[in-house]
Structures are given as C-alpha cells and as structure tokens.
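The values are calculated or read from the model by the stated rules, or taken from the named source; none is laboratory data. A quick note: this is a predicted structure, and the numbers were derived from the prediction, not measured. Every residue, glycine as well, gets a Cβ built from its backbone with ideal geometry; the counts of neighbours run over all protein chains shown. Note: areas computed on protein heavy atoms with side chains; ligands, DNA, RNA excluded. Shrake-Rupley method; radii C 1.70, N 1.55, O 1.52, S 1.80 Å.
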Amino acid sequence: MGSGRRIVLSNQYLAQYYRTHGAEAMIKENIGILAHEVTHSYQLQPLGCGAYQQGTVFHAFIEGMADAVRVLCGGFPNEEDRPKGGHYLNSYQYTGYFLAWLVKNKDENFLRKFNMSAHYINPWSFDAGIKYALGENYNVDDLWIEYQKAVGDIK
C-alpha cells in the first residue's frame, strides 16, 4: 500500500452545519474544508523554526497557508469570515486572508514561492519567506500594515 493521505470529515459537524446554514452553505463549507486539508498534503515544513504548536511561526505557516488556499477557492464566502485586526502570526484565517491578499495584489505565484521558501531557508521566518517569494525589498510587517489599510482595518 502507498503512502497516501487521509482526510476525515465529521458527519456530526456537517449535519449540524446543514441544519443551521442550509444545503448551499454546506456545499461551500465542504469545498473550503477540503481545499484546506488537501493543501496540507502539498505543504513543505518550515525549517529551524520550532514545532507545530499553536502560537508558533510553524503553526501560522501551516494553517495560514491552508486557509489562504481556502480563501482563494471561495471556501470562506462571506465578508464576516475575514477576521478583523489581529496579526499575521495569529494563524488560520488571520494569516490566510493576508497570504491570499498577497496572491491577489503582489504575485499570483506567491503561495507556490512562499511554500518553496520553507525548503530553502533555515531558520525559516515569515519575513525571510516573504523576501524569498517577493524580493528583498519587501518586509512582512510593512506588507501587513499595507494589507490592514487595504481591507479597511486601519487608516
């Protein structure tokens, strides 16, 4: 048997989601979940920046990139799905919407390059990954502020 991946969905979660949101929303939720989980099969693991634990750079890279793919696939269909404020290291949707914004506004191949940065940079950091993907003249903190202004979270 090969070294395949397995994605397990909770029938209880999906049934509850269907009851509270309806069929169309449940379909979008399924697409979003699958986009997120399949992304994990293709992700590299960032080197030299700790382990996968909530609150770490490693965690923000892994879950943020998966949610960025979910955003780009329409897996978060409502404006209220995007959390306001926060920080790019808050992971999941905070990081994901930011990374998706970089794809849409800086480089359509950003996520592919950002993922590859995890293979070549040790120790890996968000700023080093940004520089690898977009160029040395970019800084993650400046881009975060630009993003926050663009989406109206700060003036």
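Quick notes
- Beta carbons closer than 7 Å, at least 6 apart along the sequence or on distinct chains, pair a first residue in the range 46-59 that is more than 17 Å from His87 (Cβ to Cβ) with a second that is open to solvent by 60 Å² or more (accessible area, probe 1.4 Å) for Leu47/Asn122; Leu47/Pro123; Gly48/Asn122; Gly48/Pro123.
- A count restricted to the range 9-49 and to residues that are open to solvent by 50 Å² or more (accessible area, probe 1.4 Å), farther than 19 Å from Tyr92 by Cβ and assigned to a loop (DSSP other than H, G, I, E, B) stands at 2.
- Sole residue being in contact with a Leu (Cβ under 8 Å, 6 or more places away or on another chain) and farther than 24 Å from Lys149 by Cβ, chosen from Ile7, Ile62: Ile7
- For the range 55-101, filtered to residues that are touching a Pro at 6+ places or on another chain (Cβ under 8 Å) and of a type in the set (S, T, N, Q), the residue that is surrounded by the fewest Cβ atoms within 10 Å (Cβ to Cβ) is Asn90.
- The range 50-78, residues that are outside any loop (DSSP other than H, G, I, E, B) and over 11 Å from Tyr97 (Cα atoms): Val57, Phe58, His59, Ala60, Phe61, Ile62, Glu63
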